[in-house]
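Visitor: Questions regarding the structure given below will be posed in turn.
Throughout, read-outs are computed from the coordinates displayed, never taken from laboratory work. Not measured: the values here are computed from a predicted model. All Cβ positions, even for glycine, are placed from backbone atoms using ideal geometry, and neighbour counts span all protein chains on display.
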Amino acid sequence: MKFLLAECAPEELVAYAPFHLSFSWEKDQLCYVGITKGEASVVVEGSKEAELLTKKWLTSYFEGTILPLPYKQAPTQFSRHVQEAMLEIPLGTTQSYGAIASKIGRAKASRAVGRACGANPMPLVIPCHRVLARDASLCGFNRGLDIKQALLTLEQKIQSGRAQGYC
């Protein structure tokens, strides 16, 4: 099932989202999100219910009030803790790998946090793009640093749009 991102996003934001997104579902759980540059469109692999959940989630994302989605959990306890910590990073903000490591009680494990972020199969939904280096520089995003920067810019626009009332 394919639809345009404009079905879920205010017109003012679509220009900041030049992405083709693919959401893959197994049974009732999201298991993969692909992000590539291209037409602002979305493909959903899964049931009609999965398509509805994806549309509802994307609408909430662009409104800045992100709804939870059922997703396939990471295979290790450490990675699950990293995922949970990433889910707590508010839209439009960032944290460092070291801050995530400290948050999960493993202060010296910032490199392991980076590996867990890199193995995240659901960027955007589990926002690994909001995790930066200690000096706040962009690093390590398996979809490309240009897409990471574009997502961060989009989320800043979503936050400013909420303040301006078009979200």
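Visitor: When you check LEU138 against the structure, is it without any contact (Cβ under 8 Å) to a residue 60 or more places away in the chain, more than 17 Å from TRP57 (Cβ to Cβ) and touching a strand residue (DSSP E or B) at 6+ places or on another chain (Cβ under 9 Å), yes or no? Walk me through it before giving the result.
Guide: Numbers: without any contact (Cβ under 8 Å) to a residue 60 or more places away in the chain: yes; more than 17 Å from TRP57 (Cβ to Cβ): yes; touching a strand residue (DSSP E or B) at 6+ places or on another chain (Cβ under 9 Å): yes.
Spelling it out, LEU138 is indeed without any contact (Cβ under 8 Å) to a residue 60 or more places away in the chain, more than 17 Å from TRP57 (Cβ to Cβ) and touching a strand residue (DSSP E or B) at 6+ places or on another chain (Cβ under 9 Å).
Visitor: Quick check: anything in region 125-137 within 23 Å of SER24 (Cβ to Cβ), of a type outside the set (Asp, Glu) and in contact with a His (Cβ under 9 Å, 6 or more places away or on another chain)? Give the derivation first.
Guide: Going residue by residue through region 125-137, those that are within 23 Å of SER24 (Cβ to Cβ) are 125-131.
Those left that are additionally of a type outside the set (Asp, Glu): 125-131.
Cutting the leftovers down to in contact with a His (Cβ under 9 Å, 6 or more places away or on another chain) gives us none.
The answer is no, given that none of the residues of region 125-137 is within 23 Å of SER24 (Cβ to Cβ), of a type outside the set (Asp, Glu) and in contact with a His (Cβ under 9 Å, 6 or more places away or on another chain).
Condition check ((1) under 15 Å from ARG130 (Cα atoms); (2) surrounded by fewer than 16 Cβ atoms within 10 Å (Cβ to Cβ); (3) touching a Leu at 6+ places or on another chain (Cβ under 8 Å)) across all residues:
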| residue | (1), (2), (3) |
| --- | --- |
| GLU26 | no, yes, no |
| LEU52 | no, yes, no |
| PHE62 | no, no, yes |
| THR76 | no, yes, no |
| LEU87 | yes, yes, no |
| THR93 | yes, yes, no |
| ALA116 | yes, no, no |
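Here is a yes/no grid of residues against (1) among the polar types (S, T, N, Q); (2) farther than 25 Å from GLY144 by Cβ; (3) without any contact (Cβ under 8 Å) to a residue 12 or more places away in the chain; (4) part of a loop (DSSP other than H, G, I, E, B):
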position	(1), (2), (3), (4)
PHE62	no, no, no, no
ALA74	no, no, no, yes
VAL82	no, no, no, no
ALA85	no, no, no, no
ILE89	no, no, no, yes
THR93	yes, no, no, yes
ILE100	no, no, no, no
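Visitor: Let me ask another. When the residues of region 20-60 are narrowed to those that are under 13 Å from the mean Cα position of the chain (by Cα) and in a helix (DSSP H, G or I), which ends up farthest from GLU88 (Cα to Cα)?
Guide: Going through the qualifying residues, I end up with THR54.
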